[in-house]
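Here the structure comes first, spelled out in structure tokens, and everything after it is commentary.
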Amino acid sequence: MPVPHPHNEDLRLAALQQYRVLDSEAEATFNRLATLAARVLDAPMALVSLIDADRQWTKACIGVDLRETARDIAFCAHTILSGDVFVVPDATLDERFIHNPLVTGDPHIRFYAGAPLLTPDGLAIGSLCVLDTRARHDVSAEQLLTLQDLAAMTMEALETRLTVEARAAAESQLHLMEAALANATDAVLILSADATSGSGLRVAYVNAAFERQSGYAATDVEGRDPAVLWRAHRETTARLRGALSRAAADVLDMQFDHRNGNVYWAETSVSPLRDAGGQVSHLLLLKRDNTDRRREEEHLRTTGMELAQRVLERTREVQHLTVQREHDALHDTLTGLPNWTLFNLRLQAILRSADPTFAVLYLDCDRFKVVNETLGHSVGDALLVAFARRLEALVRPTDTIARLGGDEFVVLLESLDEPDIASLVAERFARAFTAPFQVGPHTLYFGASIGVVVGGAHYQHADDVMRDADIAMYSAKRAGRGAFVTFHEQMRPNTNTQLLLEAELRAALAADQLTVHFQPIVHIPTSRVHGFEALVRWPRGGGMMSPAEFLPIAEETGLIVDVDRWVLREACRHMAAWRTTLPNTDQLTLSVNLSSQQFTRPDLVDAVRTALHASGFPAELLKVEITEGLVMERSDVVTTNIAGLKALGVGLHIDDFGTGYSSLGYLQRFDAQALKIDRSFMGGVEDRADSAELVRTITAMAHNLGLSVVAEGVETRAQLALLRSLGCEYAQGFLLSRPIPVQDVPALLERDTLLT
């Protein structure tokens, strides 16, 4: 049946025509937005649809050839009528669409979700929609909000398109008018008010005809007092000033001095020009030959004033753009804060002063990458802006806050009376960041690690200040999230120690001096060993260095890639050897952690294949543990690597589940085999109901998705009993066994059970 028209149909159609987009060629911007909408809702088709008087025309078609349809069968006609997100979970069950040819025939639409394209006046001219050939009841409110945001971005793209076209047309017209003014046969002289000159006036502009008529070049007279150009200086100047003050037009028969010393006469029409504020700021002088005056006077008056006004407008626009460029060169485009260039200039100025009393606070945001990867860059950007605004509220107007890039900020405190003030400010920052940030529908806890440097005459270069602030900031990061650390001289040798530790780690890796320990993963119902997790250890200085000491350095320097691959090769080699020498080991699994850096490398799958082939260990018994954040990663190389590992037969386990922003949709898409509950939840299950309930929820959810559950950090029998009651399949932790060296594994496997 026909779809009713909105009550404001005439206004809506008029607004649609203003965008001049109907029947236009495809554009990459709208295709990208439609593609992004399809990805967000996991749908195969998406449209940017515009509803005309009797048709639906699409500016972008993704996954379907639906360039134009009748308006009465268009789903989007319902969307513009509703004025809000319009969802049809199953068109075959909806009386409005059950006989629709788009449902009964190609493209066999069953699911539809559309968000209206609303003009600034609230008129719905079309929609951004996604389509699917299968019924969908799993679309979340957050996905629909994202679809609305993408529709708003689509509308902004249409507005930008219209603005660019209008600006181009206006500039073309302005260029034509400027050319006409420059090539006019009559002399044009524009004077501005200037109290510093003797006549109270100054030459602002002359055209080519004036140059020919007077013999003066524009460079000779522009910016100078104009009184030197004419005779009867006092009388003529007084009349011009009167015309300026009264905002009144005048006609003067003026006697001019030619540059060569001759005198010439010209009948001169004087007209006031107003600035953007409506104030008279300039005089337009048109010098005409007497023979042409009567014929051209009215025409030149009108045309000359319009052209001169455009010249002034263009001059103001250029001045504004110049100021804007200077601002943009010294400020961050996202937050509006000063950038590194401006911060460095101010810091250098303080360092050159006679009494440089200052402090620098270097802030690096905690867990920003998690927010960016899980909630998207738009939420991440909004969070950084909110973070900047909160910082501004915590400092004095004389202090400088700058964004260095990414999630790093720096604060310059000037003229400190006491050095301790810097620590008090850092403490104030830390307290302020304990309050959550509200970004749209998201409540986010977002703090920062802060490095503090108290300045003085001992600093001469900004690079030295920033180096020490960076050292203090990394010390704060190691101290825990939201901490602040004030730099002292003893920290610098620690940095040298880290460099030495990096060099030793490289040497140990090259000399095969690392070792692998194995922690058993136990099958809870039988208490028997199901497999092992391989963990790297570094024998150093007569003892065993904790991975917490050297793995962060490996991550920071990129050595983690080589460390991971060494562990993979060694663990596969030992597991394959045990399969041939120890009984009942042919089904033992091997779990290996791979860092997120591995998954950005195109040779990851080849490295895993080589390790399996060299050792002879079966691919189906190898389990690669990856974090939630990596599962949410949408880059092509990560997706390709995960698919490549699955093609080898390698299993995927989601490690530390529950500590980030989980997505069931992505867990299903990547076909994981198991979830590993993070050890932080196990510590509270005995005395905290919320921790036990969270473990219960994760276990039930995993089982509903067909996934096994491995609980880490099991240290008490009460914890194990809870896991057994929940049907959790596997556990590992100190209750069962600590990680053990290679030589202790055979004895452990001889035991019937790991519970005594």
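Computed from these coordinates, which is Cα Rg over 2.2 N^0.38 Å: (1) 1.35; (2) 0.95; (3) 1.12?
(1)
What nm value, rounded to one decimal, do you get for the distance between Asp253 and Glu418 when each label is placed 7 Å out toward the C-beta?
With each label placed 7 Å out from Cα toward Cβ, I get 8.4 nm.
Leu394 to Asp54: extension gain in nm, 0.36 nm per residue of separation minus the Cα-Cα distance?
Here the segment from Leu394 to Asp54 would lengthen by 116.7 nm.
As a footprinting exposure proxy, order His108, His137, His327 by other Cβ within 10 Å, with the fewest listed first.
Numbers: His108 14, His137 8, His327 11.
Taking fewest neighbouring Cβ atoms as first place, the list is His137, His327, His108.
Among Ser423, Val411, Leu384, which residue has its Cα positioned farthest towards the positive end of the charge dipole of segment 362-446, with +1 placed on the Cβ of Lys and Arg, -1 on the Cβ of Asp and Glu, and the dipole taken about the Cα centre?
Value computed over the given set: Leu384.
Can you work out the FRET efficiency for the pair Glu686 and Thr434, with r the C-beta to C-beta distance and R0 = 22 Å, to the nearest 0.05? Before the final figure, lay out the partial values.
On the way: r = 28 Å, r/R0 = 1.26.
About 0.20, to the nearest 0.05.
Set the Förster radius R0 to 22 Å, insert the Cβ-Cβ distance between Arg212 and Val263 as r into 1/(1 + (r/R0)^6), and round the FRET efficiency to 0.05. Mind showing how you got there, number by number?
Working: r = 17 Å, r/R0 = 0.75.
Once the sixth-power term is evaluated, E becomes 0.85.
Can you give the angle from 0 to 90° between the axis of helix 233-246 and the longest principal axis of the chain, with both taken from C-alpha atoms, to the nearest 10?
The angle comes out at about 50 degrees.
Over the chain, what is the mean sequence separation of C-alpha contacts under 8 Å (at least six apart), divided by residue count, expressed as relative contact order in percent?
It rounds to 6 percent for the chain.
Rounded, prolate or oblate: which fits segment 9-165, taking a ≥ b ≥ c as square roots of the Cα gyration tensor eigenvalues, rounded meaning a/c under 1.5, else prolate when a/b beats b/c?
Because a/c hits 1.5 or more and a/b exceeds b/c, segment 9-165 counts as prolate.
Where in segment 681-715 does the label zone of Ala721 land, with the point 7 angstrom along Cα→C-beta and an amide N cut-off under 15 Å?
Counting only backbone N, you get 685-688, 715.
Hey, which of these cross-link pairs are over 22 Å Cα-Cα: Lys369/Lys646; Lys369/Lys477; Lys623/Lys646?
Long pairs (Cα-Cα over 22 Å): Lys369/Lys646.
DSSP beta bridges in segment 501-748, what fraction antiparallel, as a percent rounded to 5?
Expressed as a percentage, antiparallel bridges in segment 501-748 total about 40.
Under a point spin-label approximation (7 Å from Cα along Cα-to-Cβ), what is the Glu235-Ala457 distance to one decimal in nm?
Output for this residue pair reads 7.2 nm.
Roughly what angle does helix 604-615 make with the longest principal axis of the chain, taking Cα atoms, 0 to 90 degrees, to the nearest 10?
20
Answer rounded, prolate or oblate for segment 333-442, using the Cα gyration tensor with square roots of eigenvalues a ≥ b ≥ c: rounded when a/c is under 1.5, else prolate when a/b is larger than b/c, else oblate.
Cα axes put segment 333-442 in the prolate bin.
As an exercise, use a Förster radius of 56 Å and the Cβ-Cβ distance of Asp752 and Gln148 to find the FRET efficiency, rounded to the nearest 0.05.
Efficiency for this residue pair is about 0.40.
Over what distance in Å are the Cα centres of segment 135-158 and segment 1-67 separated?
Using only Cα atoms, the two centres lie 14 Å from each other.
What distance in nm lies between label points placed 7 Å from Cα along the C-beta direction at Leu582 and Glu68?
Simple spin-label model gives 7.3 nm for this pair.
With equal scatterers on the alpha carbons only and no solvent term, can you work out the Debye log10 of I(q)/I(0) for segment 670-738 at 0.24, 0.29 1/Å?
-1.03, -1.42
For the residues Trp566, Trp538, what sequence is obtained by ranking on other C-beta atoms within 10 Å, fewest first? Don't jump to the answer; show the numbers that get you there.
Values: Trp566 16, Trp538 22.
Fewest-to-most Cβ neighbours within 10 Å comes out as Trp566, Trp538.
Tell me what the chain gives for mean residue ellipticity at 222 nm when only DSSP H runs of n ≥ 4 count, each as -39,500 (n - 2.57), the sum divided by the residue total, rounded to 500 deg cm²/dmol.
Details: 25 runs with 335 residues, N = 756.
Mean residue ellipticity at 222 nm (helix-derived): -14000 deg cm²/dmol.
Which of Cys129, Cys365 comes first, and how do the rest follow, when ranked by fewest Cβ neighbours within 10 Å?
By the 10 Å Cβ count, ascending, the order reads Cys365, Cys129.
Might you report the magnitude of the Cβ-based charge dipole of the chain about its Cα centre, with Lys and Arg at +1 and Asp and Glu at -1, to the nearest 20 debye? All intermediate terms of the calculation are to be shown ahead of the outcome.
Working: 71 positive and 100 negative charges, 61 e Å.
Charge dipole of the chain: 300 debye, to the nearest 20.
Residue separation times 0.36 nm, minus the C-alpha to C-alpha distance between Glu326 and Ile98: what's the value?
76.1 nm is the gain from fully extending Glu326 to Ile98.
Quick one: length gained pulling Glu489 to Met701 fully straight, 0.36 nm per residue minus the C-alpha distance?
Numbers: separation 212, 0.36 × 212 = 76.32 nm, distance 5.18 nm.
The Glu489-Met701 span can extend by a further 71.1 nm.
Any read-out appearing in this document is the output of simple, stated calculations on the displayed coordinates, not a laboratory observation. Computed from a predicted model, the values in this text were never measured in an experiment. Please note: Cβ atoms are built from the backbone with ideal geometry, for glycine as well, and neighbour counts cover all protein chains shown.
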